[in-house]
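The values are calculated or read from the model by the stated rules, or taken from the named source; none is laboratory data. Computed from a predicted model, the values in this text were never measured in an experiment. No Cβ is skipped: glycine too gets one built from the backbone with ideal geometry, and neighbour counts run over all protein chains shown. The area values use the complete protein model at the heavy-atom level, side chains included, leaving out ligands, DNA and RNA. Shrake-Rupley method; radii C 1.70, N 1.55, O 1.52, S 1.80 Å.
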Amino acid sequence: MTDTPLLDVRGLSTDYTVKRQGKTVRVQAVKDVSFTLGKREVLGIVGESGCGKTSVGRSIVRLAKPHQGAVLFGGQDIFTAGREDLKKLRLKIRMVFQDPFASLNPRRSIGESIAETGDIHGLFKDRADRLRQVQQALANVGLDGSFASRYPHELSGGQRQRVGIARAILPAPDVVIADEAVSALDVSVQAQVLNLLADLRESMGLSMLFISHDLGVVGQISDRVAVMYMGRIVETAPTRDIVERPIHPYTR
């Protein structure tokens, strides 16, 4: 890790419009959240369901529309980036979603799903290069190249999540946002996927935002932990301090 943050989130707030009893109201999911993510660092964001942690991840890549604040990546503000700049930034910041089955198109083969980003951004020289990069991405997550011809319904939950990770790392990103990436998996499979993410961090030099409701899981992979409660970060500290010497009552 270096002193200069790779990702710098400043005063992030995100609202949603919902209907309640026939009236349209605004609900603030994220309230003035700030944190930094260093190079090769894993920052865990932990909190119970509804605390706003997923909205933080989605807001960073503008899948959710932030109400205010700034997110600087390499000094560039993601929120003010134009369409082409945002397109390039999304190659550098990739997401792994909670439900690997819902995030994969059941009509597309695994190889097609992994190659989709490369197809859109013109990352492949030709069909041979496309196949090579897809098979390398599969190998990087511990799957055989033959998986490229299979479909999501033919895979187990753990295998599908590995495919989701392969899709995220194919363009060689700098940051991976893992949103509840192991919560839908069995405990034994969780450990395998956590080990895989830790290995990829080392081999690819990744920084990671690891979002989870499970402090035990976060503690296994994170360098630092930010605890969220009702849309705000209430405590941030090195992982050991959060686990062994929590300060905020909610963390305890």
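When the stretch 222-233 is filtered for residues that are within 15 Å of LEU12 (Cα to Cα) and not in a strand (DSSP E or B), the ones remaining, listed by number, are MET230, GLY231.
Cβ separations smaller than 6 Å between residues 6+ apart or across chains give the following pairs from the stretch 26-53 residues that are among the acidic types (Asp, Glu) to residues that are not in a loop (DSSP other than H, G, I, E, B): ASP32/GLY11; ASP32/SER13; GLU41/SER207. Within the stretch 143-168, the set of residues being open to solvent by less than 20 Å² (accessible area, probe 1.4 Å), assigned to a helix (DSSP H, G or I) and farther than 14 Å from ARG132 by Cα comprises PRO152, GLY158, GLN161, VAL163, GLY164, ILE165, ALA168.
Here ARG132 does not fit the description of being under 18 Å from ILE110 (Cβ atoms), within 15 Å of the chain's Cα centre (by Cα) and either open to solvent by 10 Å² or more (accessible area, probe 1.4 Å) or in contact (Cβ under 8 Å) with a residue 40 or more places away in the chain (or both). Considering the stretch 16-122, the qualifying helices (runs of 4 or more DSSP H), each wholly inside and each with 2 or more residues that are of a type in the set (D, E, K, R) and within 26 Å of GLY219 (Cβ to Cβ), run over 53-60. With respect to ALA102, is the statement that it is small (Gly, Ala, Ser), open to solvent by 70 Å² or more (accessible area, probe 1.4 Å) and without any contact (Cβ under 8 Å) to a residue 40 or more places away in the chain true? Answer is yes for this residue. Residues of the stretch 124-145 that are basic (Lys, Arg) and touching a Phe, Trp or Tyr at 6+ places or on another chain (Cβ under 8 Å): ARG130 alone.
Here is a yes/no grid of residues against (1) open to solvent by 70 Å² or more (accessible area, probe 1.4 Å); (2) among the charged types (D, E, K, R); (3) out of contact with any His (no Cβ under 6 Å at 6 or more places or on another chain):
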| position | (1), (2), (3) |
| --- | --- |
| GLY11 | no, no, yes |
| LYS19 | yes, yes, yes |
| ALA29 | no, no, yes |
| LYS53 | no, yes, yes |
| SER59 | no, no, yes |
| PRO66 | no, no, yes |
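Quick grid of which residues meet (1) part of a helix (DSSP H, G or I); (2) touching a residue at least 24 places away in the same chain (Cβ under 8 Å); (3) within 30 Å of ALA139 (Cβ to Cβ):
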residue	(1), (2), (3)
SER183	no, yes, yes
SER188	yes, no, yes
LEU200	yes, yes, yes
VAL218	yes, yes, yes
GLU235	no, no, no
ILE242	yes, yes, no
ARG252	no, no, no
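In the set (1) at pLDDT 95 or above; (2) open to solvent by 40 Å² or more (accessible area, probe 1.4 Å); (3) over 28 Å from SER34 (Cα atoms); (4) acidic (Asp, Glu), the condition left unmet by ASP174 is number (3). From the list GLU180, GLU202, which one is among the acidic types (Asp, Glu), farther than 19 Å from GLY57 by Cα, open to solvent by 10 Å² or more (accessible area, probe 1.4 Å) and touching a Lys or Arg at 6+ places or on another chain (Cβ under 9 Å)? GLU202 is the lone residue from the list that is among the acidic types (Asp, Glu), farther than 19 Å from GLY57 by Cα, open to solvent by 10 Å² or more (accessible area, probe 1.4 Å) and touching a Lys or Arg at 6+ places or on another chain (Cβ under 9 Å).
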